[in-house]
Amino acid sequence: MLTEPSDGVPPLVTTPHALHKAVFALRGGRGPVAMDAERAHGFRYSQRAYLIQLRRVGSGTHLVDPAAFGQPADLSALGVAVSEAEWVIHAAGQDLPCLYEVGLVPKTLFDTELAARLLGYPRVALGTMIEELLGVRLLKEHSASDWSKRPLPQEWLIYAALDVELLIELRHELAARLVAAGKWSWAEQEFAALVASAGLSPEPRRDPWRRTSGIHHVHTRRGLAYVAELWYARDAIAQRLDRAPGKILPDIAITELAAHKHPDRATLRGIPAFSRRQAKRAEASWLEALDVVAQTPESALPPMHVPNDGPPQSRLWPAKNPGAAARLAAMRGALLAIAEQNELPMENLLTPDHLRRLAWRPPAPVTEESVAQALADRGARPWQRDLTVKAITSVLAQPSPPPGA
């Protein structure tokens with residue numbers, strides 16, 4: 001069990017002078033840079049970094065507090081100091097957005113979690129991989145803590161420093177195994193795709209309130225309007241206070257209120273969650289949302305269901321499009337065999353949504369070239385296309401079974 005960093009816990013970087021010293025030390029280091037970020041998921045509305053850890057051979061470990069440098073913080077000097085180095089991050093897709101926000105943008109990257117997936121490891125958590133490949137157990141106790149808390153407890157700083165303590169060693173071990181397995185070029189393509197997406201904002205979700213837990217209990221269009229207005233009211237409050245929406249008001253309280261035919265102040269006060277301190281402070285906002293919906297004409301209420309630009313849920317395919325259902329099953333079977341042969345998870349061999357869209361609406365005409373182009377248009381990497389195009393084309397080229405077959 002590794003319970004302390006080998007060089008001790010470095011002082012927290014909270015001043016311009018300390019940041020300058022960290023930049024100088026990192027610039028003088030050599031080799032890859034291990035990097036990690038701690039957020040306050042489940043506690044704060046934002047997904048910003050509340051601590052950034054960096055480690056490099058010849059430089060040591062640095063714990064940087066972005067909150068000490070304004071909002072938004074500008075830590076681009078750190079990025080410039082290590083701009084030519086490879087950045088080593090575990091589960092980079094989670095950390096890249098908050099690193100980008102403070103000016104840390106990699107040119108090259110090695111994602112240890114993704115490398116482990118490409119190698120077929122069934123469990124790819126950082127602690128698991130370090131224990132399995134390096135024979136060391138990490139102290140892992142504070143991953144779900146509220147990292148926006150100040151001052152940060154010493155035991156949290158120990159945990160944070162340990163997250164990058166052996167990351168470079170893990171990178172070297174995984175890289176050697178990727179080369180030995182003939183998967184190095186696959187990893188390079190995956191890492192390059194992560195770097196290319198670092199600054200891209202995700203597409204805003206349409207009607208995000210439709211994902212509110214318990215919404216299946218709401219059976220009318222006006223009920224859905226109540227869900228929407230309450231959801232947006234809560235979101236505005238959560239954003240203003242930088243609190244996780246669920247800390248303001250849980251989803252289930254919104255849907256419980258919206259399920260009533262004519263919810264009012266008495267209905268609201270009869271639901272325990274609305275009596276909690278944070279929710280009670282916002283009672284005027286909830287009542288205003290109820291009034292807005294009560295005055296909304298029927299024609300302006302949201303529909304019960306919205307059309308999807310993609311295929312429907314797969315479970316509906318046998319009834320809606322049996323040919324597509326048969327194609328999907330056959331393609332899944334073919335790709336499962338390829339994944340097992342290459343010791344890969346199916347979802348890393350090919351994004352499941354790519355497969356569903358091809359099965360639902362194959363390219364015309366069906367050729368290896370048209371299938372490869374369709375996959376490329378959806379972002380499939382060359383190595384994925386090399387492994388899957390022939391099998392997918394073979395399935396899609398088969399005539400669809402007649403109805404009822």
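The values are calculated or read from the model by the stated rules, or taken from the named source; none is laboratory data. None of these values were measured; they are calculated from a predicted model. Ideal geometry is used to build each Cβ from the backbone, glycine not excepted, and the neighbour counts take in all protein chains shown.
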Are there strands (runs of 3 or more DSSP E) fully within the range 1-74 with at least 3 residues that are at pLDDT 95 or above and among the hydrophobic types (A, V, I, L, M, F, W, C)? List them. 30-38, 51-57
Scanning the range 49-84 for residues that are surrounded by fewer than 18 Cβ atoms within 10 Å (Cβ to Cβ) and among the β-branched types (V, I, T), which turns out nearest to L167 (Cα to Cα)? V57
Does any residue of the range 347-369 turn out to be among the polar types (S, T, N, Q), free of Cβ contacts under 8 Å to residues at least 24 places away in the same chain and outside any loop (DSSP other than H, G, I, E, B)? no
Scan the range 31-39 and tell me whether some residue there is without any contact (Cβ under 8 Å) to a residue 24 or more places away in the chain and either acidic (D, E) or under 19 Å from S143 (Cβ atoms) (or both). no
Considering the range 1-20 alone, what residues qualify as being of a type in the set (D, E) and either in the same structural domain as G58 (by TED's automatic domain parsing) or in contact with a Gly (Cβ under 9 Å, 6 or more places away or on another chain) (or both)? D7
Could you go through the range 295-305 and let me know if any residue there is over 30 Å from D353 (Cα atoms), modelled with pLDDT under 95 and outside the structural domain of R44 (by TED's automatic domain parsing). no
In the range 199-230, which residues are buried (at least 17 other Cβ atoms within 10 Å of the Cβ), hydrophobic (A, V, I, L, M, F, W, C) and out of contact with any Ser or Thr (no Cβ under 8 Å at 6 or more places or on another chain)? W209, L224, A228, L230
Count - residues of the range 173-188 that are within 18 Å of L387 (Cβ to Cβ), surrounded by 15 or more Cβ atoms within 10 Å (Cβ to Cβ) and within 27 Å of the chain's Cα centre (by Cα): 6
With the condition kept exactly as written, say whether any residue in the range 371-388 is under 20 Å from G310 (Cβ atoms), in contact with a helix residue (DSSP H, G or I) (Cβ under 8 Å, 6 or more places away or on another chain), surrounded by 16 or more Cβ atoms within 10 Å (Cβ to Cβ) and among the polar types (S, T, N, Q). yes
Residue check: is T267 without any contact (Cβ under 8 Å) to a residue 12 or more places away in the chain, closer than 23 Å to L301 by Cβ and not aromatic (F, W, Y)? yes
Could you please let me know if W317 is at pLDDT below 95 and surrounded by 12 or more Cβ atoms within 10 Å (Cβ to Cβ)? yes
Condition met for R361 (closer than 18 Å to A325 by Cα and either buried (at least 19 other Cβ atoms within 10 Å of the Cβ) or of a type in the set (K, R) (or both)): yes
Filtered residue count, the range 152-172, keeping only those that are in a helix (DSSP H, G or I) and buried (at least 17 other Cβ atoms within 10 Å of the Cβ): 14
Within the range 21-30, is there a residue that is surrounded by 21 or more Cβ atoms within 10 Å (Cβ to Cβ) and either touching a strand residue (DSSP E or B) at 6+ places or on another chain (Cβ under 6 Å) or assigned by TED's automatic domain parsing to the domain that holds A244 (or both)? yes
